[in-house]
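Asker: Structure provided below as structure tokens; questions to follow.
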Amino acid sequence: MSLPDGLRDAAASVAPIPRGEDGAPVFRAPWEAQAFAMTLALYERGLFTWPEWAAALAAEIKRAQAAGDPDDGSTYYLHWLSALERLAGEKGVASERELVERQAAWDRAARATPHGRPILLENDPEARR
Amino acid sequence: MTHAHHDHDHDHHHDHDHSELSPIELRVRALESILVEKGYVDPAAIDALVETYETKVGPRNGARVVAKAWADSDYRAWLLRDATAAIASLGFMGRQGEHMVAVENTPEEHNLVVCTLCSCYPWPVLGLPPVWYKSAPYRSRAVIDPRGVLAEFGVTLPATTRIRVWDSTAEMRYLVVPMRPEGTEGWSEEALADLVTRDSMIGTGLPLRPEQVVRS
């Protein structure tokens with residue numbers, strides 16, 4: 001599946017999305033594909049424009065490079081996710097505090113889930129009903 | 001039908017009994033669950049997008065493992081005896097150093113792997129999991145009626161072929177070694193690997209036939 005033009009161009013203006021010979025994006029782990037899909041879904045929902053996305057991604061990559069990022073493509077979706085989190089914060093969708101609290105909830109949920117069972121947020125022992 | 005379905009409620013417990021998510025997985029889950037809760041994204045839409053774009057199913061290291069097993073009978077024997085070591089010898093490691101077991105399809109027996117929505121799926125070997133693979137209906141139906149589930153995937157096996165269903169456990173992850181397609185005598189491992197689909201390594205599909213691949 002080729003990329004939507006807007007996304008392809010926006011990303012290309014910053015750092016091109018890793019793609020295979022046939023033009024389809026290559027993900028190195030399931031979470032990368034999820035971060036990618038969330039971005040598309042939020043764009044389709046009208047939360048941001050592709051130029052806004054490009055600016056957010058560029059800012060994250062610049063930040064990472066200043067912090068000694070290997071800059072070899074292996075951390076591409078790490079920057080992608082950081083950009084998405086930051087945009088979500090700027091747009092008032094999810095604050096940093098909400099994200100941090102929710103990450104802790106998922107962590108507790110995972111640890112309370114026997115291996116082989118679905119990890120669900122409800123498994124968090126501190127979850128309030 | 002032979003059943004190799006393990007119950008996950010082991011009666012022995014040890015340190016690795018619970019699940020764990022990596023910091024990056026926590027971040028993705030946190031963001032997604034908040035977006036879903038607030039109505040910004042629909043989880044089904046996310047799944048559909050993942051499915052659309054995940055045609056490049058990750059490293060597909062398993063395809064090379066299968067191709068080597070087809071081409072090299074010594075390697076095949078090693079893989080079936082000690083898959084963890086045989087797979088590691090090609091430089092592919094699981095995330096948590098999990099044990100891999102290779103199960104071989106034959107005219108008499110077809111293997112089907114089911115999983116739950118956990119971290120069991122060995123994606124460094126098999127590539128990204130299909131979205132439906134994580135769904136509870138698939139898993140329970142595959143256990144109850146594997147032949148029917150396979151038929152829905154377009155895989156019709158002779159009535160004489162037994163179907164074994166394998167469920168990942170904390171200790172074991174499975175790789176199906178499908179039958180080598182006919183008409184591939186003398187093919188290189190690289191060419192053979194192109195025939196090995198992810199679904200064929202889960203057992204929900206068969207490898208491509210030579211005529212389905214454009215050879216360059």
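Asker: Under a 1.4 Å probe, what is the accessible area of the protein assembly as shown per residue, stated in Å²?
Answerer: Numbers: 16610 Å² over 345 residues.
Ligands and nucleic acids excluded, the result is 48 Å² per residue.
Asker: Let me ask another. Send over the Kirkwood Rh of chain A, from the inverse of the averaged 1/r over different Cα pairs, rounded to one decimal Å. Mind showing how you got there, number by number?
Answerer: Values: mean 1/r = 0.0615 Å⁻¹.
Taking the inverse mean of 1/r over all distinct Cα pairs, chain A comes out at 16.3 Å.
Asker: When all C-alpha to C-alpha distances in the protein assembly as shown are sorted into bins of 10 Å, what percent of pairs does each bin hold, rounded to whole numbers?
Answerer: 5, 23, 31, 25, 13, 3, 0
Asker: Checking a compactness column here: for region A:63-129, what do you get for Rg(Cα) / (2.2 N^0.38 Å), N being the number of residues? Each step should come with its number before you reach the end.
Answerer: Working: Rg = 15.6 Å, N = 67, 2.2 N^0.38 = 10.9 Å.
In units of the 2.2 N^0.38 Å rule of thumb, it is 1.44.
Asker: Mind checking how much accessible area B and A bury in total, 1.4 Å probe, in Å² rounded to 100? Each step should come with its number before you reach the end.
Answerer: On the way: alone 12350 and 8720 Å², together 16610 Å².
It comes to approximately 4500 Å² buried between B and A.
Asker: For peptide A:43-55, compute the average count of partner chain beta-carbon atoms within 10 Å of each residue's beta-carbon. If you can, show how the numbers build up before the last one.
Answerer: Working: counts 0, 3, 6, 0, 3, 0, 0, 0, 0, 0, 0, 0, 0.
Shielding by partners across A:43-55 averages 1.
Asker: Looking at chain A, identify the longest residue range that excludes and avoids all GluC sites (Glu not before Pro) in DSSP loops having at most 16 other Cβ atoms within 10 Å.
Answerer: Values: sites that count: A:Glu21, A:Glu126.
Excluding the exposed sites themselves, the longest stretch runs over A:22-125.
Asker: Quick one: putting +1 on the C-beta of Lys and Arg, -1 on the C-beta of Asp and Glu, what dipole do you get for the protein assembly as shown around its Cα centre, in Debye to the nearest 20? Show your work: numbers first, answer last.
Answerer: Values: 36 positive and 51 negative charges, 46 e Å.
In debye, rounded to 20, the protein assembly as shown gives about 220.
Asker: Quickly work out the A:Ala66-to-B:Asp82 label distance, labels modelled 7 Å from Cα along the C-beta direction, and quote it in nm with one decimal.
Answerer: 5.1 nm
Asker: Output the antiparallel fraction of DSSP beta bridges having both residues in the protein assembly as shown, as a percent to the nearest 5. Display every interim value, and only then the final one.
Answerer: Values: 2 of 16 bridges.
Taking every DSSP beta bridge with both residues in the protein assembly as shown, the antiparallel ones total about 10 percent.
Asker: Sort B:Met172, A:Met38 by accessible area with a 1.4 Å probe, largest first. Provide the component values of the computation, followed by the final result.
Answerer: Values: B:Met172 70, A:Met38 0 Å².
Sorted descending by solvent-accessible area, the residues read B:Met172, A:Met38.
Asker: With a length cut of 20 Å (Cα positions projected on each helix's long axis) and a Kyte-Doolittle mean of at least 0.0, go through chain A and give me the DSSP H helices that pass.
Answerer: Helices meeting the span and hydropathy rule in chain A are A:30-44.
Asker: Can I ask one more? Compare A:Ala105, A:Ala64, A:Ala55 in a GNM of chain A, Cα atoms joined below 10 Å, and give the one with the largest fluctuation.
Answerer: For chain A, modelled as a Gaussian network with Cα springs under 10 Å, the answer is A:Ala105.
Asker: With r as the distance between the Cβ atoms of B:Ile24 and B:Ala136 and R0 = 35 Å, compute the FRET efficiency 1/(1 + (r/R0)^6) and round to 0.05.
Answerer: On the way: r = 25 Å, r/R0 = 0.72.
That gives a FRET efficiency of 0.85.
Asker: Could you order B:Arg147, B:Arg27 by accessible surface area, starting with the largest, using a probe radius of 1.4 Å? Before the final figure, lay out the partial values.
Answerer: Numbers: B:Arg147 95, B:Arg27 55 Å².
Order by accessible area, largest first: B:Arg147, B:Arg27.
The values are calculated or read from the model by the stated rules, or taken from the named source; none is laboratory data. Just so we're clear, the structure is a prediction, and the values are computed from it rather than from any experiment. Methodologically, a virtual Cβ is constructed for each residue, glycine included, from the backbone with ideal geometry; neighbour enumeration extends over all protein chains shown. When the accessible area is computed, the model is the full protein with side chains, heavy atoms only, and any ligands, DNA or RNA have been set aside. Shrake-Rupley method; radii C 1.70, N 1.55, O 1.52, S 1.80 Å.
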